[in-house]
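Right, one structure below, let's go through it.
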2 protein chains.
Amino acid sequence: MLSKNQLKYIQSLHQKKYRQQHGAFLTEGAKSVQEVLRSDFQVELVIATEAFYKENAHLTDYQRTSFEIASVADLERAGTLESNNAAIAVVRTKENRPLLAGPNEIALILDDIRDPGNLGTILRIADWYGIRKILCSETTTDVYNPKVISASKGSFTRVNWWYGDIVQLLHQSASVVPVYGAFLDGDDVHTLAFGSSGYLVMGNESNGIRPEVGQYVTQRVTIPRYGDAESLNVGIATAVLLDNWRRTMTSVSAT
Amino acid sequence: MLSKNQLKYIQSLHQKKYRQQHGAFLTEGAKSVQEVLRSDFQVELVIATEAFYKENAHLTDYQRTSFEIASVADLERAGTLESNNAAIAVVRTKENRPLLAGPNEIALILDDIRDPGNLGTILRIADWYGIRKILCSETTTDVYNPKVISASKGSFTRVNWWYGDIVQLLHQSASVVPVYGAFLDGDDVHTLAFGSSGYLVMGNESNGIRPEVGQYVTQRVTIPRYGDAESLNVGIATAVLLDNWRRTMTSVSAT
C-alpha cells in the first residue's frame, strides 16, 4: 500500500525544483521501469501492480530498492501518465559530470532545446545512431522531466548528458575537433563529407543556434529542401543529420 | 460576437463524426489560419481577435467567408488549443479523390498510422521533401483532426491525400511502379539506389506494415542502426527514408 507521504513525495517529483532538491526523478510505465531496473541507475522505490511485481521482481536489487504494491488508480494519481497499469520507479539522478567528444566519436550539443517531447525524441535518436554523449546548454529543458524520460522510450538509460556552459566548452574545443551546426544557410549535407569525429550542434526550436554558440561552428550544415515546408522539427532534423553523418562515415571506411 | 450556435458548431468539429456530417474542419492559430486563407481551401467562417482581423482581412474572399470578432476567451472555448490569441477558421473538407504516383514522382502510403501528432508531422515532412500525394488506409487517423492540422504547421495546405483501400490500390499498381516499404529486416538504405518514382509504405506505430499490404512491397528497406534504441518513431523514419531517397536521386541526376 502506498502511504500518503510516498504519494506526496512521488507527486513532488513532477516538478524540477523538487527533483533537484531530492536528487530523484520518475520513470513510468512497464517498459521504462523494466529498462531502468536493468540499467546502472540506482532505483530507490518501485510502486507497481501485483502483476508487474510478480513478473519483474527478479530485476530488482533488494538491498537498494523498496517495492510497494499499488492499484492502477494509485499509479495514475501518483504519476504523470494518463494511463499506467504497470509501475512507477523513483530513481536517483546522476552526478552532472563534464563530457567531451573522444577520438572517432560524434557528440551532440543542444543549445536551448525547450520542448520536453523534442528532448526525449533526441535521446532516442542519439541512442539509435550510437551517440553516447549529449552536452546541453543550461537553458535546455530538464532531462529528468517525466515527459522527456517517457518520450525517450528507455533510451535515457543508454545515453549520457551534461548540463553546463557550452559556450565556454566550445571556446576550449572548437580548435581541436570539428563543430558542425544546423543552419538554414549551410552546406548541403547530401554532398558534404563529414569527418570521423566532432560535435553536432542543434539550436532552439524557434530561434536556432545562438550567435555566441554559432561563432564556434566550423561547418554550417543544411538539409536540402525539395518542397515548401518552412522548416523541419528539431528532432527530425537531428535524425536526418546524424543519418547523413553515419552514411558518409560508412562509405569512407568502405573505400 | 460569437453566437451560441456558432460556438456549438465549432465545438462539434472537434469530433470526426460531426466533421464528416458537416463537411468542415478547424484550423487554429495565427499561422495556420493565414496559410489556409492563402490556400485553395474554401474557408466558410473565421473567428478572430480584432488585431488579427485588421492584419489579415485582406486575405479573405468576402463573398465566401464570414468574419466574426471574438475574444481570446471565446477562441479558447471554441477551439482545441490551450492558448490561441489570434483566430480559428472553419474550412470545407475536400472531396476524397483517388491519387496515384505519376512518372518521376514519389508518393507515400500510410498503413494504419494512428497518432494524430505523427500524421501531422508526416504531412510536414512530405511537404519538405516535395511529396504531394499521401494515400492512407481507412484505419489511418483522420487528417482533419485538429491535432493533425496543427502538427502539420500549415503543410496540410500543400499536400493532397486520399483515404481508401490501399490493398486494392497496390494490387493494381505494384507491377507498374516500385513499392518500397519500411521494415526492420530490409536492405540498408545507405547502400540502396532508389528509383526515380514509386511508393514508400510506412506502417503502424506498434505493428508495422500489415502482411496484406507487405505482400505488394517490392523493396524492403531499413535504416541502419548504430546504437541500441529498439526503433525510431514513424515520423522520424519517414524523414530519414525520404532523405535517403532524395539523396540518391540527386546523385543519379548529377552523374
Length-normalised contact order of chain B in % [C-alpha pairs under 8 Å, at least 6 apart]: 19 percent
Overall Cα dimensions of the protein assembly as shown, principal axis frame, Å, largest first: 72, 62, 50
Test item: Cα-centred dipole of region B:106-254, Lys/Arg +1 and Asp/Glu -1 on Cβ, debye: 600 debye
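Stokes-Einstein at 4 °C, 1.567 mPa s, Kirkwood radius from Cα pairs: D for region B:94-158 in µm² s⁻¹?
On the way: Rh = 12.0 Å.
Result for D is 108 µm²/s.
Grab the DSSP H runs of chain A that are 4 residues or longer, score each as -39,500 (n - 2.57), total them, divide by all residues and round the 222 nm result to the nearest 500 deg cm²/dmol.
Values: 10 runs with 91 residues, N = 255.
So the helix-based figure for chain A works out to -10000 deg cm²/dmol.
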Cα lying deepest toward the dipole's positive end in chain B, options B:TRP128, B:PHE25, B:GLY198, charges on Cβ: B:PHE25
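List the chymotrypsin sites (Phe, Trp or Tyr not before Pro) within region B:1-100 that fall in a DSSP loop (any state other than H, G, I, E or B) and whose Cβ has at most 15 other Cβ atoms within 10 Å.
Working: sites: B:TYR9, B:TYR18, B:PHE25, B:PHE41, B:PHE52, B:TYR53, B:TYR62, B:PHE67; in loops: B:PHE41, B:TYR62.
In loop regions of region B:1-100 (DSSP not H, G, I, E or B), the sparsely surrounded chymotrypsin sites (Phe, Trp or Tyr not before Pro) are B:TYR62.
Using unit Cβ charges (K, R positive; D, E negative) and no other charged atoms, how large, in debye to the nearest 20, is the dipole of the protein assembly as shown about its Cα centre?
Values: 50 positive and 56 negative charges, 63 e Å.
With only Lys, Arg, Asp and Glu charged at Cβ, the dipole is about 300 debye.
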Loss of accessible area when B meets A, both sides summed, Å² nearest 100, probe 1.4 Å: 3100 Å²
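Of all GluC sites (Glu not before Pro) in region A:1-101, which ones are in loop regions per DSSP and have a Cβ with at most 13 other Cβ atoms within 10 Å? Write down the numbers at each step before the final one.
Working: sites: A:GLU28, A:GLU35, A:GLU44, A:GLU50, A:GLU55, A:GLU68, A:GLU76, A:GLU82, A:GLU95; in loops: A:GLU82, A:GLU95.
Answer by residue number: A:GLU82, A:GLU95.
Could you calculate, for region A:157-226, the ratio of the Cα radius of gyration to the Kirkwood radius, expressed as Rg to Rh?
On the way: Rg = 12.8 Å, Rh = 13.1 Å.
Taking Rh as the inverse mean 1/r over Cα pairs, Rg/Rh reads 0.98.
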Inverse of mean 1/r across different Cα pairs in region A:4-92, Kirkwood, Å: 12.7 Å
Counting all C-alpha pairs of region B:106-254, share separated by more than 22 Å (%): 35 percent
Shielded residues, region B:110-139 - accessible-area loss of 40 Å² or more between chain alone and all protein chains, probe 1.4 Å: B:ARG124, B:TRP128, B:TYR129
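Per residue, how much accessible surface does chain B expose to a 1.4 Å probe? Answer in Å², no decimals. Please list the in-between numbers first.
Working: 11430 Å² over 255 residues.
Ligands and nucleic acids excluded, the result is 45 Å² per residue.
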Position B:GLN63, label points 7 Å along Cα→Cβ, spacing to each other copy in nm (shortest first, one decimal): 8.3
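Considering only the protein assembly as shown, what is the antiparallel percent among its DSSP beta bridges, to the nearest 5? Provide the component values of the computation, followed by the final result.
Values: 22 of 74 bridges.
Bridges in the protein assembly as shown are about 30 percent antiparallel.
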Inter-site label distance for B:GLU82 and B:SER12 at 7 Å from Cα along Cβ, in nm: 3.0 nm
Paramagnetic reach from A:ALA73 in region A:1-22 [backbone N under 16 Å; point 7 Å along Cα→Cβ]: A:1-4, A:7
7 Å along Cα→Cβ, label-point gaps from A:SER12 to other copies, nm, shortest first: 5.0
Computed E for A:SER39/B:LYS4 - FRET, C-beta separation, R0 56 angstrom, nearest 0.05: 0.55
Using a 7 Å Cα-to-Cβ projection, B:GLY117 label spacings across copies, nm, ascending: 0.4
Relative contact order, percent, region B:106-254 [alpha-carbon distance under 8 Å, six or more residues apart]: 28 percent
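If you keep only loop residues by DSSP, which trypsin sites (Lys or Arg not before Pro) in region B:34-119 have at most 11 other Cβ atoms within 10 Å of their Cβ? It would help to have the intermediate numbers written out before the result.
Details: sites: B:ARG38, B:LYS54, B:ARG64, B:ARG77, B:ARG92, B:LYS94, B:ARG114; in loops: B:ARG64, B:LYS94, B:ARG114.
Hits after loop and neighbour filter: B:ARG64.
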Per residue Cα convex hull volume in Å³ - calculated over chain B: 147 Å³
J(HN,Hα) series, region B:209-222, from Karplus relation 6.51 cos²θ - 1.76 cosθ + 1.60, nearest Hz, glycine and proline x: 7, 5, x, 5, 8, x, 4, 9, 6, 8, 9, 7, 10, 9
Residues whose placed amide H lies under 5 Å from that of A:TRP161, excluding near-sequence neighbours: A:ILE134
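What number in nm² do you get for region B:39-148 if you take the convex hull of its Cα atoms and divide its surface by four?
Working: hull surface 34.0 nm².
One quarter of the hull surface, i.e. the mean projection, equals 8.5 nm².
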Fraction of accessible area attributable to carbon and sulfur, region B:4-92 (%, probe 1.4 Å): 44 percent
Net charge, B:ALA193 excluded, C-beta distance under 11 Å - Lys, Arg +1, Asp, Glu -1: 0
Rounded to 5, the percent of DSSP beta bridges in region A:4-92 classed as antiparallel: 70 percent
Rounded percent of accessible protein surface that carbon and sulfur make up, region B:106-254, 1.4 Å probe: 47 percent
Delta accessible area of at least 40 Å² on complex formation, residues of region B:185-227, 1.4 Å probe, chain isolated as reference: B:HIS190, B:TYR226
Backbone N under 17 Å from the A:GLU50 label point (7 Å along Cα→Cβ), restricted to region A:1-26: A:1-2
Rounded to 5, percent antiparallel among DSSP beta bridges of chain B: 30 percent
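The values are calculated or read from the model by the stated rules, or taken from the named source; none is laboratory data. Small disclaimer: the values here were computed from a predicted structure and weren't measured. Counting neighbours? That spans all protein chains shown, and the Cβs are built from the backbone with ideal geometry, glycine included. Calculation scope for accessible area: heavy atoms of the full protein, side chains included, ligands and nucleic acids excluded. Shrake-Rupley method; radii C 1.70, N 1.55, O 1.52, S 1.80 Å.
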